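Undergrad: Would you mind keeping the following structure in view while I ask a few things?
The values are calculated or read from the model by the stated rules, or taken from the named source; none is laboratory data. Everything numeric in this text was worked out from a predicted model, so none of it was measured. In this analysis, Cβ positions are derived from the backbone assuming ideal geometry, glycine residues included, and neighbour counts consider all displayed protein chains. Please note that ligands, DNA and RNA were not included when accessible areas were found on the heavy atoms of the full protein model with its side chains. Shrake-Rupley method; radii C 1.70, N 1.55, O 1.52, S 1.80 Å.
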Amino acid sequence: VYSGPHPSNEYATIKLATASSHAEWVAGPVLLTGSNSEGLDLNKETSFYRLADSGMHEIYYIGYENREVYNSQLFMAEAENLEGPYNLPSAPIVPTAEQNGLKVRTITSPSIVEHEGKLYMAYCAWDAFPIPNVVQVHGAISDDDGLTWDPVGEVSAPVCMEGSFTKGPDGLFYAVSAVEDGFIIGRSEEPFPENGYETLAEPVMTLAGEPWEIDEFNTPQLFFENDKVYLYYSGADYS
């Protein structure tokens with residue numbers, strides 16, 4: 001589940017791709033387009049898919065009205081089937097507001113894990129856009145299968161900039177984020193530990209250059225299967 005332009009290229013949508021192997025993906029249908037919130041989520045980016053305990057398919061994403069302002073908030077759409085149709089929300093599940101003393105103007109990159117019967121969401125909270133003074137990792141907790149969320153302010157999961165966290169097969173929580181020279185990974189026994197994550201001293205991956213990693217790479221996500229770990233990410237060439 002990923003972000004991609006509407007055929008008109010006037011706004012961003014959420015799309016689905018399928019794969020016959022971990023590296024051979026085929027673009028599929030548009031899952032989320034349009035708006036049911038008077039345009040607050042016309043543009044949709046940095047999606048996160050979750051199969052709820054209820055059997056509903058949930059897609060979490062940031063939504064914003066136009067690219068010039070980019071005051072993105074967190075939304076969630078749900079459907080009975082993976083390919084939809086999805087019910088678009090009428091309001092954000094986590095709006096931009098003052099959170100733990102920080103006046104949040106923009107939210108990016110939500111990801112979710114489950115721990116002891118509750119859901120924990122981490123995301124990046126910006127105090128301004130495009131040039132922020134402060135970017136913090138903030139969290140929210142849900143005890144009703146993702147229908148409602150309670151923001152808790154700044155948390156210790158190292159997922160910014162534009163990273164994510166996930167639960168590994170060993171029961172530990174793994175966070176990945178982008179720093180200036182590469183991707184870093186940390187782990188913890190809890191989603192939001194008081195003492196922070198145990199983080200590897202060196203990046204696990206660095207920019208390779210042409211053709212796909214010229215200017216930056218971002219939005220990393222870890223995927224575990226059997227005895228392997230897969231790292232998905234996007235690479236950028238600004239030209």
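Undergrad: In the stretch 191-221, what count of residues is obtained for those that are within 19 Å of GLN136 (Cα to Cα) and acidic (Asp, Glu)?
TA: Pass one, the stretch 191-221, residues within 19 Å of GLN136 (Cα to Cα): 191-199, 218-221.
Those left that are additionally acidic (Asp, Glu): 194, 198.
Going through the stretch 191-221 one residue at a time, the tally reaches 2.
Undergrad: Please determine, by comparing only the residues of the stretch 163-184 that are open to solvent by 30 Å² or more (accessible area, probe 1.4 Å) and not in a loop (DSSP other than H, G, I, E, B), which one is farthest from TYR49 (Cα to Cα).
TA: The residue in question is VAL179.
Undergrad: Is there a residue in the stretch 201-219 that is assigned to a strand (DSSP E or B), without any contact (Cβ under 8 Å) to a residue 60 or more places away in the chain and closer than 15 Å to THR166 by Cα? Show your work before the answer.
TA: Here is the first cut: in the stretch 201-219, the ones assigned to a strand (DSSP E or B) are 205, 209, 213, 216-219.
Filter once more, keeping what is without any contact (Cβ under 8 Å) to a residue 60 or more places away in the chain: 205, 209, 213, 216-218.
Remaining after also requiring closer than 15 Å to THR166 by Cα: none.
No - not one qualifying residue is present in the stretch 201-219.
Undergrad: Let me ask another. Identify the residue in the stretch 134-162 that is in contact with a Phe, Trp or Tyr (Cβ under 7 Å, 6 or more places away or on another chain) and assigned to a strand (DSSP E or B) and, among all such residues, is farthest from ARG105 (Cα to Cα).
TA: SER142
Undergrad: Hey, another quick one. Name, by its number, the condition in (1) open to solvent by 60 Å² or more (accessible area, probe 1.4 Å); (2) over 15 Å from VAL152 (Cβ atoms); (3) of a type outside the set (Asp, Glu) that does not hold for PRO132.
TA: Among (1) open to solvent by 60 Å² or more (accessible area, probe 1.4 Å); (2) over 15 Å from VAL152 (Cβ atoms); (3) of a type outside the set (Asp, Glu), PRO132 violates only (1).
Undergrad: Residue check, ASN71 against (1) assigned to a loop (DSSP other than H, G, I, E, B); (2) under 19 Å from PRO110 (Cβ atoms); (3) modelled with pLDDT of 95 or more, all met but one. Which one?
TA: For ASN71, the exception is condition (3).
Undergrad: Scan the stretch 84-92 and tell me whether some residue there is of a type in the set (S, T, N, Q) and surrounded by 14 or more Cβ atoms within 10 Å (Cβ to Cβ). If you could, list the steps in order and put the result at the bottom.
TA: Let us first name the residues in the stretch 84-92 that are of a type in the set (S, T, N, Q), namely 87, 90.
Going one step further and asking which of them are surrounded by 14 or more Cβ atoms within 10 Å (Cβ to Cβ), we end up with none.
No.
Undergrad: Name the residue that is nearest to the chain's Cα centre (by Cα), counting only residues in the stretch 1-30 that are in a loop (DSSP other than H, G, I, E, B) and not polar (S, T, N, Q).
TA: Restricting to residues being in a loop (DSSP other than H, G, I, E, B) and not polar (S, T, N, Q), the top hit is VAL1.
Undergrad: Now, a different point. Is it true that some residue in the stretch 69-80 is crowded, with 17+ Cβ neighbours inside 10 Å and over 26 Å from TYR120 (Cα atoms)?
TA: Within the stretch 69-80, not a single residue is crowded, with 17+ Cβ neighbours inside 10 Å and over 26 Å from TYR120 (Cα atoms).
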